[in-house]
Structure formats: structure tokens, C-alpha cells
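Heads up: the structure comes next, in C-alpha cells.
The values are calculated or read from the model by the stated rules, or taken from the named source; none is laboratory data. Keep in mind it's a predicted model, so treat the numbers as computed, not measured. Counting neighbours? That spans all protein chains shown, and the Cβs are built from the backbone with ideal geometry, glycine included.
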Amino acid sequence: MQKIALLLMMAALTFGQAKRTAWDGVYTEAQAARGEMAFSRSCGNCHALATEGKAPLVGDQFWKSFSQKSVGELLDFVTANMPNGAPKSLDEPTYTSIVALMLKSNGFPAGAVELDPKTIADVQIVPRDGSTTLPANALVRVVGCLTKSGQDWVVTRATSPVRAERVTQTDKEQADEDAGRPLGTRTMPLKFVLTKLDAMAGSRVAVHGLLIGADGVDGLNVTTVSRVAAKCP
């Protein structure tokens, strides 16, 4: 039965049906139960499966780190960073069971098919209401027109923020894509700018930084600003 369900799920993806989210049930209760033992043995000394405590993996901290990412990216992160001091030292079934437990602990429902790296690469982690708003302090990239507003710098016609960790292109590929990207309508203040930007005024730029407020309502705490086109738009 599980094999049939897995085949049906893969077929649905192949034929381009709506993208799945973690709310569709991408792990099983049995898998999460195995995750409890693995987590206690390998992760419990450094992390808490609660909203408070040492390095919590539930609630605000989870959403700040993984909202708008995929379950595949969550699995990659856990594999690359846990256990502390010995990353990538566990086998694949152990890592998938730990991720199943993390999903359960954050309120995502169980399903009929176990979490598997082959089927969860594009399964999105989003709030139950489907909101695409990124949380405060998420590391993001926006593209827009660099402008001086009084003594402050702002990006006008800014695109919606996207997580910077998702960038997979080379620097040149990313710059070429940003140079032709349709711009938005927002004006985003740039805060804590530590480098001189006067030479880039009026240019189309890509800005990396931490969101100040949900979706950057109060601007960006800037890490880098780079020119992607001499003129803007």
C-alpha cells in the first residue's frame, strides 16, 4: 500500500499538479517515533524540541530558519550540521526520522508515506494559511533601484524578498538574472550600511541582509550591496 501511495504521489508531481506543502503529510507517525529515539541520542544535548530552552527547534526559531524553504532543504541542513561536532555521521534513515520528528513537533500532520529524500525536495514549508511572508531576521536578497532619501539609502521598486540561502547560481549567473528581473513596487529602507554607496546611486542593485520586521516592513539590516545594472529600471 505504501509503495502504491508513493507511486501515485510521484506521478502527481510528474504531471505538474499543484506543489505540495508539509501540511499534506510527508512523514509517518512510525517514522517520527523512530526520530524521538534518534533525537534523544544524537541531538538532545544541544537542542530542545520546544519553543524555549537550548537552541529550540520549534516555534518562532523554526519558522525564522525554514519558512518558505523546502523539506528537502531542511533535511540537507540537518544532515550537514547535526550532530554538533559530527555532522553527516548518521545514516540517511536516521536523518529522515529526525526531520519527521521536527515536522511533527511543529504541528505538521503525519501521512501515509514515509519522508524520503527522493520525494520531498520541493515540498514547501509554509504557514497553514499559505502566507508567503518571511519572518523577521531571515537572510534575504532584494533587487531594486538604489536611491538616497535624505541622509539614508533606500531601494525603490524593490522585488519581494527571497531567501538568500536559496541562491544556487554563480555570481555572474545571479547578476545576469537580477539585471533582467521584473521589479516591484516597494520602497525598502537600508539600515546599518557600513560601506559608501554613492558610486552606485541610480543603479539597479541586489541587496543582501536581514529583514527588520516581518517581510522587511521596517527595512533591511544590510550585509552587502552589489550593482547588477548601471541604470535602473
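Numbers below:
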item: Candidates 191, 172, 148, filtered to the one that is of a type in the set (Lys, Arg), at pLDDT below 95, farther than 24 Å from residue 124 by Cα and not assigned by TED's automatic domain parsing to the domain that holds residue 66; result: 172
item: Tabulated pairs, the range 44-72, first aromatic (Phe, Trp, Tyr), second surrounded by 15 or more Cβ atoms within 10 Å (Cβ to Cβ), C-beta under 6 angstrom, 6+ apart or interchain; result: 62/106; 63/135; 66/74; 66/125
item: Residues satisfying the stated conditions in the range 195-230, i.e. within 16 Å of residue 147 (Cα to Cα) and not in a strand (DSSP E or B); result: 195, 196, 197, 198, 199, 200, 201, 202, 203, 219, 230
item: Sole exception among (1) at pLDDT below 90; (2) within 19 Å of the chain's Cα centre (by Cα); (3) surrounded by 14 or more Cβ atoms within 10 Å (Cβ to Cβ) for residue 66, by number; result: (1)
item: Boolean, residue 3 is closer than 26 Å to residue 135 by Cα, modelled with pLDDT under 95 and surrounded by fewer than 16 Cβ atoms within 10 Å (Cβ to Cβ); result: no
item: Sole exception among (1) surrounded by 14 or more Cβ atoms within 10 Å (Cβ to Cβ); (2) in contact (Cβ under 8 Å) with a residue 40 or more places away in the chain for residue 221, by number; result: (2)
item: Only listed residue being without any contact (Cβ under 8 Å) to a residue 12 or more places away in the chain and hydrophobic (A, V, I, L, M, F, W, C), chosen from 199, 175; result: 199
item: In the range 36-65, the residues that are among the hydrophobic types (A, V, I, L, M, F, W, C), at negative phi and out of contact with any Ser or Thr (no Cβ under 9 Å at 6 or more places or on another chain); result: 43, 46, 48, 63
item: Residue within the range 96-110 that is surrounded by fewer than 16 Cβ atoms within 10 Å (Cβ to Cβ) and either part of a loop (DSSP other than H, G, I, E, B) or within 18 Å of the chain's Cα centre (by Cα) (or both) present; result: yes
item: Residue check for residue 203: among the small types (Gly, Ala, Ser) and either out of contact with any Lys or Arg (no Cβ under 7 Å at 6 or more places or on another chain) or in the same structural domain as residue 68 (by TED's automatic domain parsing) (or both); result: no
